[in-house]
Amino acid sequence: MIQLLDGGAYLVNGRTVIPADGEAAARLQAEAGVSTTAEEARKQTIAYGILEAHNTSGNMKELQIKFDKLTSHDITFVGIIQTARASGLEKFPIPYVLTNCHNSLCAVGGTINEDDHMFGLSCAKKYGGVYVPPHQAVIHQFAREMLSGGGKMILGSDSHTRYGALGTMAMGEGGPELVKQLLNKTYDIPMPGVVAVYMTGAPAPGVGPQDVALAIIGAVFDCGYVKNKVMEFVGPGVSSLSADFRIGVDVMTTETTCLSSIWRTDDTIKEYYDIHGRSGEYKELNPGAVAYYDGVITVELDKIKPMIAMPFHPSNTYTIEEVNSNLMDILDEVEKRAAVSLDGKVPFTLKNKVRGGKLLVDQGIIAGCAGGGFENICDAADILKGHSIGADEFTLSVYPASTPIYMELVKNGKIADLMETGAIVKTAFCGPCFGAGDTPANNAFSIRHTTRNFPNREGSKIQNGQISSVALMDARSIAATAANKGYLTPATEYAGTYSRPVYHFDSQIYANRVFDSHGIADPSAEIHFGPNIKDWPQMPSLAEHLLLKVVSEIHDPVTTTDELIPSGETSSYRSNPLGLAEFTLSRKDPAYVGRAKEVQRAEKALEAGEDPIAALPELQAVLDAVKQTFRDVNNSNLGIGSTIFAVKPGDGSAREQAASCQKVLGGWANVANEYATKRYRSNLINWGMLPLLIPAGDLPFANGDYIFLPQIRREVEEKAETIKAYAVSGGKLTAFDLKLGDLTDDEREIILKGCLINYYRG
């Protein structure tokens, strides 16, 4: 089904994989009549060609990328524009699309959601952008329909910015990376590795894109096979997939922790652009005659079965057949995983959902950038036609990904087919995907064709004793389950036919409702500021020496950004840095905010020229211990802040607030064994925080201890490979080593200045 090649390989004429072993040279000569090197053949990947076309450094080992377009949604664009304004923004230099698909129904805090939307509209007018009103389209569907282009690059402030199936290399990053583009700066990364996803065969009826995606995620996530690499989809099997199917697989590549994705294109993608009235954006993309890849994932599409990702991660994958055949054993495994994910704070079981040896589901959701596509919903409607979802606990909600999709489903009758079953069809909104809509009941179990199923992601609040859970499935199997009154059912049991109606895209609704400046800024336009929209607070530069209190210690195998800063209703406060910071780690470590604030009082005293010990008396003993060895430490050269330890933080969303909320509470660093994603590490750096690394094993410090970093400013300036640190506990200093990992000169300067805003202010 899924096979991972151990090592690199050559792809000949897009069809033949030759492992880069001792026989590679002879096979290349025999089968392709060429003699080449891995270094030369790397240049023949699709990814290399696109990156080369957008690189401004002149050095393909150290890239400085300028993107063609930018896009953000309403839980990120206010902070991004506020940061850019503070850094000297005058005009959007490239098309920047502001969508509103996250706060649209999250009515917390009075007017503050709509205030954010009006801020976005007024900024689109003032700086020359595009504004997509609420309920018109989720961010990624609008980008597919209106922004994508063959060979183009798009940067978005949502982690699922993925349009590779359409020949567009797209990346999801934290807001500061978009700020850099808005200020005509570059996205700086080493040349990433490229991994081929080699597809053969064709999916069986009832198998959908989420099934293929989950099978891939389950195979690659734990081993980090594609971490920070580009996934390049090639092979004859690609041609067996519709455009919608490819899009559905592509959007889920984010859950592998890859950097980006790109697919070979063909007449199917040309037709997609033709349908959307954008034929000129199509570009045929194929790897060269001999292309080298750093790895190969072979996907036998015909062997993929309907899949399910059980709580609480997209990589917790099984076939639905496996679950139904080994139900109690698998539920035992889920309970063990849950005990780790939930820290044992609430009891969790799905065994009470078993009825007559079958698993009974409480809720089904088909929504967002992953599930809300035209083809997914049509197939689900075909499966459900003539059935009833029942008049009991089970519910089904469907969210088309854009109004044009919704309109076509109305015209072809599929909406009526769904509604007749008892399903509810709603507007384009990402709410169920991040916990701001259709939150299940306590102890309920939801199956969803959305992107993630992390703890708390569905809206439950463990700190209040509220817990529900989500499994990821394809829309077709969700429909089959709904037709079976909530009993878990794979879509391969559906014996009927799929109608596969032709899609007709109608852009008139966008012409009528979307504000498009066409790149023309209006400096006279007044920005709409609601009372919750606040500027970023002042942030100091990095001091000569740094004293950090450990205020949270997390030993989960992976810590998601949803745990660092919760999604859901807290999204309403994302325009207020200090207001949002009150929710930091609230569902993982509720004591964090109070501890961080205590330490921050000492730093604020220092900044005001006052005695930090008066603000935080426990510092007396800590500083006494430090000064026994480091006699030059004083109030004029010392910085005081907080830090957290996590084994592997940063999986999940690109939202910068996972880092910035720590920073505005006085955080100066994270200490980790490794960082789950590049984007979270970049967020830390852009907010002036030290992305410290410590080898796995017993820690030399504990929660509540202090860490002293002598001469840390000099260490950053001089690019020290090892950072000498000291744990301060019980009046003693215990030396240990930390590392910062690779940092560009600009990244070092950002840390020294205290954050990206300070860096651009000079």
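Starting from segment 162-174, take each residue that is farther than 19 Å from Ser72 by Cβ and list its partners that are among the charged types (D, E, K, R), counting only C-beta distances under 6 angstrom and pairs at least six apart or across chains.
Qualifying pairs under 6 Å: Gly164/Asp250; Ala165/Arg246; Ala165/Asp250; Gly167/Lys283.
Do we have Ser653 as outside any strand (DSSP E or B) and of a type in the set (Ser, Thr, Tyr) here?
yes
Which count do you get for residues in segment 653-680 that are at pLDDT below 95, crowded, with 24+ Cβ neighbours inside 10 Å and of a type in the set (Lys, Arg)?
Total meeting the criteria: 2.
Step by step: first the residues of segment 57-86, then only those that are of a type in the set (Val, Ile, Thr) and part of a strand (DSSP E or B), then the one that is farthest from the chain's Cα centre (by Cα). Which residue is that?
Ile65
If we keep just the residues of segment 400-418 that are of a type outside the set (Gly, Ala, Ser) and part of a loop (DSSP other than H, G, I, E, B), which is farthest from Glu458 (Cα to Cα)?
Step by step, filter segment 400-418, then rank; the result is Asn412.
So, of the residues in segment 419-476 that are assigned to a helix (DSSP H, G or I) and in contact with a Cys (Cβ under 9 Å, 6 or more places away or on another chain), which turns out to be surrounded by the fewest Cβ atoms within 10 Å (Cβ to Cβ)?
Looking at the filtered set, the residue picked out is Gly431.
Out of the residues in segment 681-727 meeting the condition of being in a helix (DSSP H, G or I) and among the β-branched types (Val, Ile, Thr), tell me which one is farthest from the chain's Cα centre (by Cα).
Of all residues in segment 681-727, those in a helix (DSSP H, G or I) come to 681-686, 712-717.
Then keep just the ones that are among the β-branched types (Val, Ile, Thr); that gives 685, 712, 716.
On the way: Ile685: 17, Ile712: 31, Val716: 29 Å.
Looking at residues that are in a helix (DSSP H, G or I) and among the β-branched types (Val, Ile, Thr), I get Ile712.
Take the residues in segment 716-726 that are surrounded by fewer than 19 Cβ atoms within 10 Å (Cβ to Cβ) and in contact (Cβ under 8 Å) with a residue 24 or more places away in the chain; name whichever of them is farthest from Ala596 (Cα to Cα).
Lys719
Can you tell me which residues in segment 25-67 are under 30 Å from Asn576 (Cα atoms) and surrounded by 20 or more Cβ atoms within 10 Å (Cβ to Cβ)?
Across segment 25-67, the qualifying residue is only Phe67.
Looking only at segment 632-654, how many residues end up being among the hydroxyl-bearing types (Ser, Thr, Tyr), closer than 18 Å to Phe701 by Cα and touching a helix residue (DSSP H, G or I) at 6+ places or on another chain (Cβ under 7 Å)?
So the count comes out to 1.
Starting from segment 298-310, keep only residues that are touching a residue at least 40 places away in the same chain (Cβ under 8 Å), then list their pairs with residues that are crowded, with 24+ Cβ neighbours inside 10 Å and of a type in the set (Lys, Arg) whose Cβ atoms are within a distance under 9 Å, requiring at least 6 positions of separation or different chains.
What qualifies is Pro306/Arg476.
I need a count of the residues in segment 542-561 that are part of a loop (DSSP other than H, G, I, E, B) and modelled with pLDDT of 95 or more.
3
Asp535 versus (1) part of a loop (DSSP other than H, G, I, E, B); (2) under 23 Å from the mean Cα position of the chain (by Cα): which is the lone unmet condition?
Answer for Asp535: the failing condition is (2).
Out of everything in segment 488-504 that is closer than 30 Å to Thr395 by Cβ and of a type in the set (A, V, I, L, M, F, W, C), what residue ends up being surrounded by the most Cβ atoms within 10 Å (Cβ to Cβ)?
It comes out as Ala491.
What are the pairs, 6+ residues apart or on separate chains, where a residue within segment 324-352 that is surrounded by fewer than 18 Cβ atoms within 10 Å (Cβ to Cβ) has its Cβ under 7 Å from a residue that is among the acidic types (Asp, Glu)?
Matching pairs, first to second residue: Val340/Asp556; Thr349/Glu335.
Taking the condition on the phi > 0 side of the Ramachandran plot, of a type outside the set (Gly, Ala, Ser) and outside the structural domain of Ser402 (by TED's automatic domain parsing), does Asn13 pass?
Criteria met by Asn13.
Mind counting the residues in segment 727-754 that are in contact (Cβ under 8 Å) with a residue 24 or more places away in the chain and over 16 Å from Leu692 (Cα atoms)?
8
Being within 30 Å of Pro133 (Cβ to Cβ) and assigned by TED's automatic domain parsing to the domain that holds Ser469 narrows it down to one of Ala391, Ala338, Ala370, so name that one.
Answer to the selection: Ala370.
Please state which of the following conditions Ala480 fails to meet, knowing it meets all the rest: (1) surrounded by fewer than 23 Cβ atoms within 10 Å (Cβ to Cβ); (2) outside any loop (DSSP other than H, G, I, E, B).
Of the numbered conditions (1) surrounded by fewer than 23 Cβ atoms within 10 Å (Cβ to Cβ); (2) outside any loop (DSSP other than H, G, I, E, B), the odd one out for Ala480 is (1).
For segment 1-40, which strands (runs of 3 or more DSSP E) that fit wholly inside it have 1 or more residues that are within 23 Å of Leu285 (Cα to Cα) and of a type in the set (Val, Ile, Thr)?
Once the strands (runs of 3 or more DSSP E) in segment 1-40 are filtered for at least 1 residues that are within 23 Å of Leu285 (Cα to Cα) and of a type in the set (Val, Ile, Thr), what remains is 9-12, 16-19.
Test Ile81 against the stated conditions and say whether it is in contact with a Gly (Cβ under 9 Å, 6 or more places away or on another chain) and within 24 Å of His135 (Cα to Cα).
Judged against the criteria, Ile81 is a match.
Within segment 137-156, track down each residue that is assigned to a loop (DSSP other than H, G, I, E, B) and surrounded by fewer than 24 Cβ atoms within 10 Å (Cβ to Cβ). Give the steps one after another, and end with the answer.
Taking segment 137-156 and keeping what is assigned to a loop (DSSP other than H, G, I, E, B), we get 138, 147-152.
Listed by number, the residues that qualify are Gly149, Gly150, Gly151, Lys152.
The values are calculated or read from the model by the stated rules, or taken from the named source; none is laboratory data. Small disclaimer: the values here were computed from a predicted structure and weren't measured. Positions of Cβ are generated from backbone atoms using ideal geometry, with glycine treated the same way; all protein chains shown enter the neighbour counts.
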